[in-house]
Amino acid sequence: MKVSLNWLKEYVDLENIPVQEIVHKLTMSGLEVEDYVDENELYKDFIVGYVKEKKKHPNADKLSVCIVNTGTEDLQVICGAPNVETGQKIVFAPIGTIIPNGNFKINKAKIRGVESFGMICSEAELELSNDHSGIMVLTEEVNVGKSIVKELELNDVILEIAITPNRSDALSHIGVAKDLASIFNKEFHLPEYTLHESAKKVKELASVEIVDKINCPRYTAKVVKNITVKDSPDWLKKRLTKIGLRPINNIVDVTNFVMYELGQPLHAFDLDKLNGQKIVVKSTETETVFTTLDSKERKLPKGTLMICDSEKPVAIAGVMGGENSEINNSTKNILIESAHFNPSSIRKTSKALGLSTEASYRFERWVDPSSTLLAAERAAQLIADLGNGEIAHGSLDNYPEKIKEKEVLLRFERVYKILGFQIPKEKILQILKKLGLKIIFESENENRFLVPTFRPDLEREIDLIEEIARIFGYDNIPTISKISISLGEKIDETAFEDAIRDYSCSLGFYEMVNNPLQKEQFASLIGNKIQILNPQSLDMAFLRTSLIPSALGVVAKNINVGEKNLRLFEIGNVFNLKNEKKEIKNFEDFSENQKLIFIVTGKIQDKTWNFPEKYFDFYDLKGYINSLLIKISLDNVLNDSYYHNGDSIFDFYFTKNYEKVEIGVGGKVKKDVLKQFDIQQDVFCFEFDLSKLKKIKANSKKYLEPLKFPKSIRDFAFIFDNSVTYEEVIKFIKKSSSELLKSVNLFDLFESETLGKNKKSMAFSLEYYSEERTLTEEEIEKDFNYLIEKIKTNFSAILRGA
Amino acid sequence: MLDERIKKITAHFNQDISAVKDTKQLEELRLKFLSRNGLVSQLFDELKNASKEEKPVLGKLLNALRNEVTEKFNLLKDHIDSLEKESVEKIDLSLPGFERTIGSKHLLIQTLNEIKSIFKGLGFSVIEGPELESDYNNFGALNFPPDHPARDMQDTFFINSDFLLRTHTSPVQIRIMEKTKPPVRAIMPGRVYRNEAISSRSYCVFHQVEGLYVDNDVTFAELKGTLVAFAHQFYGENLKYRFRPSFFPFTEPSAEMDITCFLCHGKGCKVCKHSGWLEILGCGMVDPNVFDNVNYDHEQYTGYAFGMGIERTALLKYGIDDIRVFFDNDFRFLKQF
């Protein structure tokens, strides 16, 4: 919200307080000044100039060569404005001046061959309005050579304040002024006006009835007769333009002015357009179509609070008036509405219509129910003054059930308990009094306060403590330098995933962080997708069901920019409906699991002077997975299943299982899946369910004494049928050997025609040893030979080299 | 007599050996001192002539001499041998070595881990919570009344009227307090979602770290102290800071913490919007209504909570000017950190 410092000064004395300090203190008391413009600074170099002479530019049709008197000298200035004339007083920017619009500096320049020593300014260049049709022509009264700061009264400071949702009271100049009065311990005073009412009684001119008393607790109206709708005077226009509003006419401008002054949104009806000269406040019983004053037809849901006359709706309460009762230039008599509406009712309407106005913004945050009359009178008097109208005697003030001021108890020791610092009692009382709270009960340890109705946010003791801390200044509360730490159990739920990250990095993987929102096509690849009710775009309308699609997206993007060799991992949550037909009603209806993905593509090894190139293959992927499992001691806990025929994602794949439950799955990604991502090279990936992996108890680590006795190695190679798998052979070898055989390593594998059709050779080296003694040649030989015979018979395999 | 000669020959040998540069000279050295007729053997021959008393002493000296000379000779021989061998099979040491890839954690995770380790040092546990949350945990329990403008502060992605993508990590506070009795001291890192237009400054997904401490006597002064300690560790000892009143429905009093802009050192620049200050986190004392919602006695217990964004922190720290970089996962970016 934009606030004018000069305007604020009407209600609180801020003389001699530097702008910087006002900005700092406001920010530090909770009204954050996000930005400010100090006109005194902005316009300090501009002066009033006098156009002594105007000639046509010799080389340009649209330019003029002017002689501008600056009070001390005559300068030649080129001007492009069509309206520049001899004898005008204008705003002149001498060389060195910074022009606000565009933030550029005026330099001595040669324009089409003619020198120019400054610039004659338009309102737009000064950021006084959007008018850049011509230069700004000043009135006769201004003094040539003097600063425009003084001559044009451009001496305001405009503050841009961010008002938090709890501070509806600060959405006006008096609201901010009250805080300033409190901060600087100054007197605050409400605007002064004297109401001049005519003899005609308002009750004879109009009436108000509230039907929906819950959503409209108070409705106040004043009537002003025989007004002339016209332009507002300069002072009013200036007030509004300074805070970024566009002046319209004296009626609309006054209602806006009073809203920004007092915080009460007002609406002016053309009284003669109200049937029966009656206001009825009620909620709609059916869906209604209504045309608002911006000429838009709007569909209002049932239950919308409306302002009606005796026959028809004339305004959407608290949001926007209707076209049918709008003020125009021929309006003579007006009814000024100043009401208090139920915040949540206005918010519902505003949300339902997708229509937020300055009025609805304030009503949905709470408008002080006690000031409706003040605002109505203030506006009526201003309108009467500016439009030569007569105010009808009295007001229509319908307030069936008065909203009471709340009582709040403050125990002084609670201030200490929350803040950890004792603010003196006198200071506490001073702060709260300045904020408008009244003491209704006093004692040594506690006081009871009455909270004014403009502070709906102050309901509880803690709310008062915040006010005390805020005005006292957070920076004045000490910062302690010691804390005590309880010796209770500390847990780190992220420790496991962090360990996984460390191991993944040491395997050469780089971590991705992907957006879990994705398009339907990707979310449909795996699992039961969950849809976003209000997505930003179709590209982000679903939650990911797996880490695979987004990882493939990253692979595709990187290949596109020439990064074709990738080793990536990600840890993130995936979301699935448990039953795709069932809507989410509670946490049991969906799963959110943490997953880990490894994805590799391209080369594991580029060709170098001493190494041949090598592409990633299935066994690299499998190796990475197993290396990781070794580090987290789960290598012997999980077992593998292999699937040659693939599924919807993989050509072929394997799974890691724990007690028959699948913990992870991965393999070679199918071509037609890759095609959806525009990937033309092989991709291998593996996805673990970390939520499940985390829960598996790892084998506890125990120290093993280094072996004291020698190992014996034996090798053999067999020719097997091609259908025999490595896994079958390994299992058989282990089964057919004694406990002396400690490990088996496949060190050669090949097929060739010399072996025969559908045959392959597998060569193993076997490691024998005992932890207790040195083995004899005989016992090893016995084991080894027995094994050879068993393999021969079991697989019909042929021992090579025999 | 003999002991004089031993000393002489030792000196002689040391002088000669220092001049030896190649195998040929080495062989000359060996012949001169260590061969059958070499100087050392000659001394042993002379031992025969020594008196009975002198013999054991001189014998010891001679043995020591022989050992020293042999040892020095062998050392030099090894050295010369290896030099000559190398000159035969000399390799190009300037060829590139075989480098292995060490991957890296995402920059956001690195930043998060830094924050985590500081708070773990201050006695905080680390707790996680789900991203798909109930409206109640995300808003209701945190004292956001239904139909209240405070909800506008956080544009929300809804799944339906009761479930949503959490807009902050604060619902994890509720989950912890519903499960545990005080004292509670934990940080809660995680991913959050806001339905905001994507630009260089904002993204629809980002990361936060939430903090919560509840006990009998937790105060605003302690909140300030703890966060100042964090800021000093994370951003540097010399920074200035300030706590400014703000509003969050679930804390009261509420504050935002600013530190001096470390790009302009408080002078004012584009990044700090010419204020000289950078907002780094929001915080406050847990609102009694929140305690009521989790059945904590708000008379007995007090607590503080805070929350900070990771992306913004990382943007500032590493001079990145577009938040989308974090989610693009361009390999050229990932490899940099």
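The values are calculated or read from the model by the stated rules, or taken from the named source; none is laboratory data. Model, not experiment: these values are computed from the prediction. Neighbour counts are summed over all protein chains in view; Cβ atoms, including those assigned to glycine, are modelled from backbone coordinates with ideal geometry. Calculation scope for accessible area: heavy atoms of the full protein, side chains included, ligands and nucleic acids excluded. Shrake-Rupley method; radii C 1.70, N 1.55, O 1.52, S 1.80 Å.
Of all the listed residues (A:Leu749, A:Leu755), the sole one being at pLDDT 90 or above and over 30 Å from A:Glu570 (Cβ atoms) is A:Leu749. For beta carbons closer than 8 Å, sequence separation of 6+ or different chains, a first residue in region B:220-231 that is under 16 Å from A:Gln422 (Cβ atoms) and open to solvent by less than 10 Å² (accessible area, probe 1.4 Å) and a second that is in a helix (DSSP H, G or I) and small (Gly, Ala, Ser), the qualifying pairs are B:Phe220/A:Ala469.
Residue selection: A:Tyr50 fails the criterion of being open to solvent by 70 Å² or more (accessible area, probe 1.4 Å), in a strand (DSSP E or B) and in the same structural domain as A:Leu171 (by TED's automatic domain parsing). Residues in region A:88-113 that are open to solvent by 20 Å² or more (accessible area, probe 1.4 Å) and either in a strand (DSSP E or B) or within 24 Å of A:Asp61 (Cβ to Cβ) (or both): A:Gln88, A:Lys89, A:Ile98, A:Phe104, A:Lys105, A:Lys108, A:Ala109, A:Lys110, A:Ile111, A:Arg112, A:Gly113.
Conditions tested, residue by residue: (1) in the same structural domain as A:Ile548 (by TED's automatic domain parsing); (2) touching a residue at least 24 places away in the same chain (Cβ under 8 Å).
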| site | (1), (2) |
| --- | --- |
| A:Leu690 | yes, yes |
| A:Asn722 | no, yes |
| A:Lys735 | no, no |
| A:Leu740 | no, yes |
| A:Val744 | no, no |
| A:Phe750 | no, no |
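Of all the criteria given as (1) among the aromatic types (Phe, Trp, Tyr); (2) closer than 17 Å to B:Thr111 by Cβ; (3) touching a helix residue (DSSP H, G or I) at 6+ places or on another chain (Cβ under 7 Å), the one not satisfied by B:Tyr235 is (3).
Considering region B:43-66, and only residues there that are under 60 Å from the mean Cα position of the chain (by Cα) and over 13 Å from B:Glu4 (Cα atoms), the residue that is most open to solvent (accessible area, probe 1.4 Å) turns out to be B:Lys60. Residues in region A:120-143 that are on the phi > 0 side of the Ramachandran plot and of a type in the set (S, T, N, Q): none. Residues in region A:459-476 that are under 17 Å from A:Leu419 (Cβ atoms) and in contact with a strand residue (DSSP E or B) (Cβ under 8 Å, 6 or more places away or on another chain): A:Arg460, A:Glu461, A:Ile462, A:Asp463, A:Leu464, A:Ile465, A:Glu466, A:Ala469, A:Arg470, A:Tyr474, A:Asp475. Scanning region B:307-333 for residues that are touching a residue at least 60 places away in the same chain (Cβ under 8 Å), of a type in the set (Lys, Arg) and within 14 Å of chain A (Cβ to nearest Cβ) yields a single hit, B:Arg324. Just one residue in the set A:Ile439, A:Ile423, A:Ile485, A:Ile383 is open to solvent by 20 Å² or more (accessible area, probe 1.4 Å), out of contact with any Ser or Thr (no Cβ under 8 Å at 6 or more places or on another chain), more than 11 Å from chain B (Cβ to nearest Cβ) and not charged (D, E, K, R); that residue is A:Ile439.
Yes or no, residue by residue, for (1) touching a residue at least 12 places away in the same chain (Cβ under 8 Å); (2) open to solvent by 60 Å² or more (accessible area, probe 1.4 Å); (3) assigned to a loop (DSSP other than H, G, I, E, B):
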position: A:Val224; (1), (2), (3): yes, no, no
position: A:Leu240; (1), (2), (3): yes, no, no
position: A:Phe257; (1), (2), (3): yes, no, no
position: A:Tyr260; (1), (2), (3): yes, no, no
position: A:Val281; (1), (2), (3): yes, no, no
position: A:Thr291; (1), (2), (3): yes, no, no
position: A:Met306; (1), (2), (3): yes, no, no
position: A:Gly318; (1), (2), (3): yes, no, yes
position: A:Asn328; (1), (2), (3): yes, yes, yes
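Considered as a group, the residues in region B:171-203 that are among the small types (Gly, Ala, Ser) and in contact with a Ser or Thr (Cβ under 9 Å, 6 or more places away or on another chain) include one that is surrounded by the most Cβ atoms within 10 Å (Cβ to Cβ), and that residue is B:Ala186. For region A:120-172, the set of residues classified as among the small types (Gly, Ala, Ser), over 20 Å from A:Asn103 (Cβ atoms) and surrounded by fewer than 17 Cβ atoms within 10 Å (Cβ to Cβ) consists of A:Ser133, A:Gly134, A:Gly145, A:Ala162, listed by residue number. Taking strands (runs of 3 or more DSSP E) as the structural unit, no element lying wholly within region A:659-739 holds at least 1 residues that are open to solvent by less than 50 Å² (accessible area, probe 1.4 Å), closer than 29 Å to A:Ile500 by Cα and polar (S, T, N, Q). Restricting attention to region B:207-218, the residues being more than 10 Å from chain A (Cβ to nearest Cβ) and either assigned to a loop (DSSP other than H, G, I, E, B) or surrounded by fewer than 20 Cβ atoms within 10 Å (Cβ to Cβ) (or both) number 0.
Inside region A:242-255, can you point out the residues that are within 22 Å of A:Glu197 (Cα to Cα) and open to solvent by less than 40 Å² (accessible area, probe 1.4 Å)? If the condition is that a residue be within 22 Å of A:Glu197 (Cα to Cα) and open to solvent by less than 40 Å² (accessible area, probe 1.4 Å), then A:Asn250, A:Ile251, A:Asp253, A:Val254, A:Thr255 are the ones that fit.
Let's see how each residue does on (1) touching a helix residue (DSSP H, G or I) at 6+ places or on another chain (Cβ under 8 Å); (2) more than 20 Å from A:Lys225 (Cα to Cα):
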{"residue": "A:Leu266", "(1), (2)": "yes, no"}
{"residue": "A:Asn275", "(1), (2)": "no, no"}
{"residue": "A:Glu285", "(1), (2)": "no, yes"}
{"residue": "A:Thr288", "(1), (2)": "no, yes"}
{"residue": "A:Pro301", "(1), (2)": "yes, yes"}
{"residue": "A:Ala315", "(1), (2)": "yes, yes"}
{"residue": "A:Lys332", "(1), (2)": "yes, no"}
{"residue": "A:Thr349", "(1), (2)": "yes, yes"}
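Here is a check on your reading of the model: is A:Leu568 facing another protein chain (nearest Cβ under 9 Å), buried (at least 16 other Cβ atoms within 10 Å of the Cβ) and among the aliphatic types (A, V, I, L, M)? Criteria met by A:Leu568.
Considering every residue within region A:398-420, establish whether at least one is part of a loop (DSSP other than H, G, I, E, B), open to solvent by 20 Å² or more (accessible area, probe 1.4 Å), within 30 Å of A:Lys332 (Cα to Cα) and touching a strand residue (DSSP E or B) at 6+ places or on another chain (Cβ under 6 Å). Among the residues of region A:398-420, at least one is part of a loop (DSSP other than H, G, I, E, B), open to solvent by 20 Å² or more (accessible area, probe 1.4 Å), within 30 Å of A:Lys332 (Cα to Cα) and touching a strand residue (DSSP E or B) at 6+ places or on another chain (Cβ under 6 Å), which makes the answer yes.
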